[in-house]
Amino acid sequence: MSVEQYIKKRAAAVNAALPRCIRSLRGADPRLAQAMVYTLAAGGKRLRPVLLGAAYEVFGGKAADVLPAACALEMVHTYSLVHDDLPAMDDDDLRRGRPTAHKVFGEAEAILAGDALLTDAFTILLSSRYPRRVTPSCVLAAARTLAARAGARGMVSGQAADLEAEGFLRGKINAAKRRRGLKLLSYIHLHKTADLITAAVEMGAVLAGAPERDVKALASFGRDIGLCFQVADDILDVVGDKKKLGKSGSDARNRKLTYASLLGVGEARNKAEALMRRALPALAGVRGKAAPKADLAALAEFIYRRDN
Ligand code: GRG
């Protein structure tokens, strides 16, 4: 099976479960629930839940055991996209090949849909049923990981730094400014993007009750593929096929600080490849099943060479 087929198969289980998660939130305002389902609807690659399931399987279980946790992670990711697309942030009209949530439901409702996706991700994660091998303390550890990686010490600070970096590219770029830009960028990428991808593999590991040493090794792998993911994303924003991407590509319009804008597309490609390669030794050192480890390595390679 190719990695594309693997992702498609694993994503199908997540696609089927996500609307059920929202329906389980009985008593939710119907229009709000509709906005939540709209934003979650198929079109996303579901890479984070797929990574979570593969990391869990390294320690012996089946990805289906932790499907609610995988859905919770996708809900947090989707909230971040909804808010990122808002006029106050990146101001994008297109996401996952469809008009963005604020274009369809209005700005206030889109903000609320994002708020509810974030909050109820924890409802789904903490209140779902798991097989006995996934103990309550493992679920609690996964919730702690998700909160830490998504919150003020993680993704939200990455987004804040990204917004604060607006205007950095104004004026002449000399060597010193380029160096400062690269330092700033690595902070932004680490938190804005890599933290949630790190959360995916860390959550898989802690849900399986993996030893600390292996959780750390997977977190290191997750960080590097997360960094690679964002460099690839910045390149695609410049040279990618907008139809395949399902989004309009706003970095140039917003004069965003990216590896592509700072180093050019060729150097950015080298950077992405180096990050992908740097990720692999940590994965190789994890003591677990070989087949899911090979799946994770294939997912790393996919992240580097993806076209959407
Ligand atoms: C708290 C108001 C408020 C906003 C927070 C945290 C945040 C907004 C935004 C996160 C930043 C963000 C969107 C980072 C980009 C990460 C990225 C490249 C996302 C695209 O991920 P894909 O390609 O998307 O996996 P699909 O659609 O396939 O799921």
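A few comments on the model shown:
- Stokes-Einstein diffusion coefficient of the stretch 139-211, Kirkwood radius over Cα pairs, 25 °C, 0.890 mPa s, in µm²/s: 181
- Residues considered: 148, 88, 101. Largest GNM mean-square fluctuation over the chain, using C-alpha springs under 10 Å, is found at 88.
- Among the listed pairs 8/244; 177/256; 45/242; 8/247; 103/244, those whose Cα-Cα separation exceeds 18 Å are 8/247; 103/244.
- In Å, descending, principal axis extents of the Cα set of the chain: 60, 48, 35
- Segment residue 119-residue 187, length gained on full extension (0.36 nm per residue, minus Cα span): 21.9 nm
- Taking label positions 7 Å along the Cα-Cβ direction at both residue 126 and residue 103, the computed distance is 3.6 nm, reported to one decimal.
- When the chain is treated as a GNM with alpha-carbon contacts under 10 Å, the residue of 203, 36, 89 showing the greatest mean-square fluctuation is 89.
- Candidates 204, 176, 219 compared by Cα position along the dipole of the stretch 173-224: farthest toward the positive end lies 176, with charges placed on Cβ.
- Accessible area of residue 7 in the full protein assembly, 1.4 Å probe (Å², nearest 10): 10
The values are calculated or read from the model by the stated rules, or taken from the named source; none is laboratory data. None of these values were measured; they are calculated from a predicted model. Neighbour counts run over all protein chains shown; Cβ positions are idealised from the backbone, glycine included. The accessibility values were calculated without ligands, DNA or RNA, using every heavy atom of the protein model including side chains. Shrake-Rupley method; radii C 1.70, N 1.55, O 1.52, S 1.80 Å.
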